[in-house]
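Data block below; observations after.
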Amino acid sequence: MKFADFRPGQVIEAGPYAVTQAEVLQFAGAWDPQWFHTDPAAAARGRFGGLIASGWHTCGIAMRLVTEAALASSESYASPGLQYVKWPAPVRPGDSLRLRATVIETRRSRSQPGLGILRWRWQLHNQQGTQVLDLEATSLFDLAAPEDASGGG
């Protein structure tokens, strides 16, 4: 999608994305090696009653779905960050996740011509409809003409 295609109130849906145990273990082993992400036997005895995915892994899944559904062919080039991120329920191996992204605001920067700013809320739900991720992101879009961006004219 192009920046001009986003409208406040618009909902973009994507998925499902199937979460595998191998993927949970691989991500956690590399980036979040806490026992409840990396040791199925210990996790089974833990507070969650089984292995759970890292919250950062969950964010990565959301990013993939958002990119495939909306950003892949856009002018998006960066993000200054998130307003908030919440993991209200754990993601488990075998879950099937769906994304719901809701556009909150679109605007052009007053101070930086050619900059589009998109604020949107991303929510992931599992196959039972339980919300497992809620975040608000800001995405930046380079709206300058290609010849302007290269310094030519």
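The values are calculated or read from the model by the stated rules, or taken from the named source; none is laboratory data. Predicted, not measured: the structure shown is a model, and the values here were computed from it. Note that each Cβ is placed from the backbone with ideal geometry, even for glycine, and that neighbours are counted across all protein chains shown.
Taken together, GLY50, GLY55 contain a single residue that is over 21 Å from PHE141 (Cα atoms), within 12 Å of the chain's Cα centre (by Cα) and either surrounded by 12 or more Cβ atoms within 10 Å (Cβ to Cβ) or among the aromatic types (Phe, Trp, Tyr) (or both), which is GLY55. Selection over the stretch 40-64 of residues that are of a type in the set (S, T, N, Q) and part of a loop (DSSP other than H, G, I, E, B) gives a count of 1. List pairs: first residue in the stretch 56-73 and of a type outside the set (A, V, I, L, M), second residue exposed (fewer than 14 other Cβ atoms within 10 Å of the Cβ) and at pLDDT 95 or above anywhere in the structure, Cβ distance under 8 angstrom, at least six positions apart or on different chains. From residues that are of a type outside the set (A, V, I, L, M), the pairs are TRP56/TRP31; HIS57/TRP31; SER73/LYS2. Among the residues of the stretch 67-104, those that are hydrophobic (A, V, I, L, M, F, W, C) and farther than 16 Å from GLN131 by Cβ comprise ALA69, ALA70, LEU71, ALA72, ALA78, LEU82, VAL103, ILE104. Filter the stretch 94-120 down to the residues that are of a type in the set (D, E, K, R), farther than 14 Å from VAL66 by Cβ and either outside any strand (DSSP E or B) or within 15 Å of the chain's Cα centre (by Cα) (or both) and list them by number. Correct list: ASP95, ARG110. Picking from residues in the stretch 105-118 that are buried (at least 17 other Cβ atoms within 10 Å of the Cβ) and not hydroxyl-bearing (Ser, Thr, Tyr), the one that is nearest to VAL11 (Cα to Cα) is LEU118.
So how many residues does the stretch 81-97 have that are touching a residue at least 60 places away in the same chain (Cβ under 8 Å) and either in contact with an Asp or Glu (Cβ under 7 Å, 6 or more places away or on another chain) or among the aliphatic types (A, V, I, L, M) (or both)? Talk me through it step by step, then tell me what you get.
Filtering the stretch 81-97 down to residues touching a residue at least 60 places away in the same chain (Cβ under 8 Å) leaves 91-97.
Cutting the leftovers down to either in contact with an Asp or Glu (Cβ under 7 Å, 6 or more places away or on another chain) or among the aliphatic types (A, V, I, L, M) (or both) gives us 91, 97.
Selection size over the stretch 81-97: 2.
Residues of the stretch 27-52 that are touching a helix residue (DSSP H, G or I) at 6+ places or on another chain (Cβ under 9 Å) and closer than 30 Å to SER74 by Cβ: PHE27, TRP31, ASP32. When restricted to residues that are in contact with a Gly (Cβ under 8 Å, 6 or more places away or on another chain) and surrounded by 15 or more Cβ atoms within 10 Å (Cβ to Cβ), the stretch 11-31 contains 2.
I'd like the full set of residues that are over 18 Å from ARG64 (Cβ atoms), of a type in the set (S, T, N, Q) and either outside any helix (DSSP H, G or I) or under 20 Å from the mean Cα position of the chain (by Cα) (or both), limited to the stretch 22-39. Once the filter is applied, which keeps residues that are over 18 Å from ARG64 (Cβ atoms), of a type in the set (S, T, N, Q) and either outside any helix (DSSP H, G or I) or under 20 Å from the mean Cα position of the chain (by Cα) (or both), the stretch 22-39 yields only GLN34.
Filtering the stretch 72-93 to residues that are under 15 Å from the mean Cα position of the chain (by Cα), outside any strand (DSSP E or B) and crowded, with 18+ Cβ neighbours inside 10 Å leaves TRP87, VAL91.
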